[in-house]
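Reading through the structure tokens given below for one structure.
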Amino acid sequence: MNEHIHRLIEIIHQDLLPEFQVESVNPHDPVEIRYLPHPWQLIGRGNYAAVVNHPEYQDVVVKIYAPGRPGFAEEVEVYRRLGSHSAFSECLYAQDGCLVLKRLYGVTLYDCIQRGLRIPKQVIEDIDQALDYARQRGLYPHDVHGRNVMMYEGRGLVVDISDFLHEEQCSKWDNLKRAYYLVYRPILSPLRLKIPYFLLNFVRKTYRCFTNFKEKTQKSVPPSASTSMTTRS
């Protein structure tokens, strides 16, 4: 760890963490920032943590978990397994719910659709290859959706890897790819349509309700009934 990062860590513990106030009201919605001391800037908000940046340290970001929310230790382990890869960030420091990460620049695919920015096929292929790399490192790509992947100079990046230790099956990325090839690429991309956030949020919440209902329905079906239906089909 170089002197540059050492100095940043001192600033984090002396100036940022004692005053920073973040709260997770609903685990399915982004955290709420109650107070962010000057000159720190908010970069992004996830469901469990916030990402901030100091203007004198533009090459890194600081991710801070909201009190009471799990996942810190798991995320540190994911970064350890990933090592160095161009589509992922790297963890430079981790302690007490706070991570210092290499900064990734770009626009999330969610924001690309809202702005009417063209998402080339290469971005989707890059993310696919990055997720395959993660699987080869003993990880399980999970919760990969439009807010967690980015585009930068026509290439794809994976921003949030915090759930990559969850072994249960997750279809979010497959569903996003399906929507990309069936709806976005033939319709939205040529027209450069801008989809307002209220509509995107409606689709996001509707999809979440549908998947939750589907999971509950599948869990409620007895194994014998499931086997029987499979046999008949």
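The values are calculated or read from the model by the stated rules, or taken from the named source; none is laboratory data. In this text the structure is predicted, and so the values were computed from the model without any measurement. Positions of Cβ are generated from backbone atoms using ideal geometry, with glycine treated the same way; all protein chains shown enter the neighbour counts.
Listed values, structure above:
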read-out	value
Given (1) within 30 Å of Ile187 (Cα to Cα); (2) surrounded by fewer than 14 Cβ atoms within 10 Å (Cβ to Cβ), number of the condition Gly68 does not satisfy	(1)
Scan of segment 76-101 for residues that are of a type outside the set (Ser, Thr, Tyr), in contact with a Cys (Cβ under 8 Å, 6 or more places away or on another chain) and surrounded by 14 or more Cβ atoms within 10 Å (Cβ to Cβ), ordered by number	Val76, Leu99, Val100, Leu101
Scope segment 115-144; condition crowded, with 17+ Cβ neighbours inside 10 Å, of a type outside the set (A, V, I, L, M) and over 18 Å from Leu165 (Cα atoms); matching residues	Asp126
Pro37 being at pLDDT below 95 and either exposed (fewer than 12 other Cβ atoms within 10 Å of the Cβ) or not in a strand (DSSP E or B) (or both)	no
Checklist (1) loosely packed, with under 14 Cβ neighbours inside 10 Å; (2) farther than 12 Å from Ser162 by Cα; (3) not assigned by TED's automatic domain parsing to the domain that holds Val183 applied to Ala73, failing item	(2)
Output for segment 87-121, where each listed residue is of a type in the set (Gly, Ala, Ser) and at pLDDT below 95	Gly116
